[in-house]
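The values are calculated or read from the model by the stated rules, or taken from the named source; none is laboratory data. If you're wondering where the values come from, they're calculated on a predicted model, not measured in any experiment. Reconstructed Cβ throughout: ideal geometry from the backbone, glycine too, with neighbour counts over all protein chains shown.
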Amino acid sequence: MSYKINLFQNRLFKSLVWLIKSIPILFILLTITIISCHFWIKVQTQDRLYSDINAIPEKNVALLLGTSKYLRRGRINRYFQYRIDAAVQLYKAGKIKHILASGDNRTKYHNEPMDMKKSLMAQGVPQSAITLDYAGFRTLDSIVRCQKIFSQHDIIVVSQAFHNQRALFIGEFYGIQAIGFNAKDVPLSDDIKTPFREYLARFKAVLDLYILKTPPKFLGEKVDININ
């Protein structure tokens, strides 16, 4: 009996040693995979990004991706404001006829679509040219719902360039013809966390699409967009 216990302990010890020795290798492989996903998405989509309002083709609908309007202590979120500015610029330049504002509405105190609507209207976009998607909990949800719920297959995505790249990558997987209009970015010196998180978000996007087959949290009945 004692021999069997000692044999088990020896095997357990060897397994733990092997696991500990494998951690650096696994970490390196994971890091390489994350970086590879980042550049895969960048290379796959960079030729469909526009920053010049005169160069971007016209389309009927822009998908405006949401984010919180305010940061802690009540400061305006510049990612939010710059996206609003970009969508307004597209509309006033006649590049789009309608804006689908998609964001998170998980509580009555956090309503990204309504915040976007109010900000768009404050800059002169008519209410009739705005449709809200309250179930855009994440980028994948916003993209898939744009196609499956709002029946839009040929769109301009509006967000910062790094976010547009991931959105276009997801859209391409689902057969959506999309280009991106880049909102002004926030300087790296003012926000170093978001670019770092984007590496992880792109890795997660690849997992969701090709491994996990992650669906949107909600779909539901179709909604018609009235394009004048």
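Under the condition of being within 20 Å of Asn77 (Cα to Cα), more than 10 Å from the chain's Cα centre (by Cα) and among the polar types (S, T, N, Q), the residues counted in the range 116-159 number 2. The set of residues in the range 36-50 being assigned to a helix (DSSP H, G or I) and either β-branched (Val, Ile, Thr) or under 19 Å from Ile176 (Cβ atoms) (or both) consists of Trp40, Ile41, Lys42, Val43, Gln44, Thr45, Gln46, Asp47, Arg48.
Scanning the range 98-112 for residues that are within 16 Å of Ser128 (Cβ to Cβ) and surrounded by fewer than 24 Cβ atoms within 10 Å (Cβ to Cβ) returns a single hit, His98.
Against the list (1) more than 24 Å from Phe137 (Cβ to Cβ); (2) surrounded by 10 or more Cβ atoms within 10 Å (Cβ to Cβ); (3) modelled with pLDDT of 95 or more; (4) more than 17 Å from the chain's Cα centre (by Cα), the condition Asp52 fails is (2). Taking the criterion of being among the charged types (D, E, K, R), closer than 17 Å to Cys146 by Cα and crowded, with 18+ Cβ neighbours inside 10 Å, the only residue of the range 165-212 that qualifies is Arg166.
Every condition in (1) without any contact (Cβ under 8 Å) to a residue 24 or more places away in the chain; (2) assigned to a helix (DSSP H, G or I) is met by Ala87 except one, and the failing one is (1). Within the range 116-129, being outside any helix (DSSP H, G or I) and surrounded by 20 or more Cβ atoms within 10 Å (Cβ to Cβ) holds for one residue alone: Val125. Among the residues of the range 198-228, those identified as in a helix (DSSP H, G or I) and aliphatic (A, V, I, L, M) are Leu200, Ala201, Ala205, Val206, Leu207, Leu209, Ile211, Leu212. If you go through the range 145-197 and keep only what is free of Cβ contacts under 8 Å to residues at least 60 places away in the same chain and part of a strand (DSSP E or B), you end up with just Gln177.
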